[in-house]
Amino acid sequence: MRRRKRSPAHTNHERWLVSYADFITLLFAFFVVLYASSQVDQKKVGKLALAIQVAFQEMGVFPASTTQIPLDSNDPMPFSTVQSIENVKRNTELGRIASSPEDSLAATSEQTDLATLQAELREALRKEIALHEVALHRESDGLVVSLQDFGFFDSGSATIKPESLAALDRIASILAIRTYRLRVEGHTDNVPIHTAQMASNWELSTARATELVRILIVGHSFAPQRLSAAGYAEYHPVASNQTPQGRAQNRRVDIVILSAMPGLATLPSPPQSGSDAKRSPSLP
């Protein structure tokens, strides 16, 4: 029987296209990854450059920059604008880390003067402090002079006792030669009041504060722009209202000595007499 002749196998000369297509696909993916990485790195490098430049500017090495560097290709932003935004954000979150020498010197001088002022007031009001009619303490706002109501006011009244005017004269004479702003705050306990003159503790606390402001302006010639008055009723206690002692501490008028008022000249010290004969003039 005749054997069938086997035909030769067909050779495929286009198989390289498969490898080439795989290579092109991988190469395309490689460049896509490179492109994506370059965009992320550009933003990171921009932020790094911003942080470095801001740090050197705070040290005084670099002047303020006006170079325009877009950090985002989709929404270009001037570098100076980005720097301002970053500075504001950092100052808001962390506070001002370093202040100018002039500001630091002024703050130090003011703190020293407040300490001197506190010592002067403590010496001038030694008797009232011993009787617990006056208290001095420091708060974040400034120095606070607390006038207890039993030493300066009759119960339910906003009129200052005549016998307490001497102490008030001494306080005013010390504060008059300085330019500190003063906030006079009226406070009460939580016992309700309802009289013909005072409908509630709001009226009583506010009336006492404004009465003291009026005396400082009329009787001691304080500049009105230095003064402000506020009434808080029973809502800012310093002690518990559950005890008579705590309620007595809460019935007070606070003179809060704030920062100095710019542009206001310091007044000369008033002449001193040998006794308490120099008193506040009669007030209308």
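The values are calculated or read from the model by the stated rules, or taken from the named source; none is laboratory data. Because the structure is predicted, anything quoted here is derived from the model rather than measured. Note that we place each Cβ from the backbone using ideal geometry, even for glycine, and neighbour counts take in every protein chain shown. What goes into the accessible areas is simple: the full protein's heavy atoms, side chains included, and nothing from ligands, DNA or RNA. Shrake-Rupley method; radii C 1.70, N 1.55, O 1.52, S 1.80 Å.
L227 fulfils the conditions (1) closer than 29 Å to T116 by Cβ; (2) at pLDDT below 95 except for a single criterion, (2).
For (1) open to solvent by 40 Å² or more (accessible area, probe 1.4 Å); (2) among the aliphatic types (A, V, I, L, M), each residue gets a yes or a no:
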position	(1), (2)
T108	yes, no
Q118	no, no
Q148	no, no
G151	no, no
A167	no, yes
R170	yes, no
I174	no, yes
I177	yes, yes
Y180	no, no
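Check whether at least one residue in segment 170-187 is out of contact with any Gly (no Cβ under 9 Å at 6 or more places or on another chain), more than 25 Å from I129 (Cβ to Cβ) and of a type outside the set (V, I, T), and report yes or no. No, the conditions are met nowhere in segment 170-187.
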